[in-house]
Amino acid sequence: MTEQICIIGVGATRIDRWQAKTDRTDLDLLDEAVRGALHDAGTARSAVEALSFSTLGPGTAQRLFSSYATARLGFRNAGKVVESGTGGWIG
């Protein structure tokens, strides 16, 4: 059986040089993008089966961010979590 992967929703958060001067954490920024993507897809976190993260840059103190974010953002059904090294957030 061939499984198909598709993107059914997208979300984004503005991140620029001023982000470092706010009280918003990386998790806050990610949650904003996730809420946008879930709204765009018309689905709930419980329906997400897999997540893919880029490795965060050196400015982020939290290591293993993908595991941390998966748990903190409430993705209980995510059976696959991937973190790929791209050198940080993709702009």
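The values are calculated or read from the model by the stated rules, or taken from the named source; none is laboratory data. Computed from a predicted model, the values in this text were never measured in an experiment. Glycine gets a Cβ as well: all are built from the backbone with ideal geometry, and neighbour counts include every protein chain shown. These accessible areas exclude ligands, DNA and RNA; they are computed on the full protein's heavy atoms, side chains included. Shrake-Rupley method; radii C 1.70, N 1.55, O 1.52, S 1.80 Å.
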Practice problem: Scan (1) open to solvent by 40 Å² or more (accessible area, probe 1.4 Å); (2) modelled with pLDDT under 85; (3) not in a loop (DSSP other than H, G, I, E, B) for the single condition Gln62 breaks and write down its number. | Solution: (3)
Exercise. Just need a number here: residues in segment 13-31 that are among the charged types (D, E, K, R) and either in contact with a Ser or Thr (Cβ under 9 Å, 6 or more places away or on another chain) or modelled with pLDDT of 75 or more (or both).
Key: 6
Practice problem: Considering each of Val34, Val10 in turn, give the residue that is within 12 Å of the chain's Cα centre (by Cα), on the phi < 0 side of the Ramachandran plot, modelled with pLDDT of 85 or more and part of a loop (DSSP other than H, G, I, E, B). | Solution: Val10
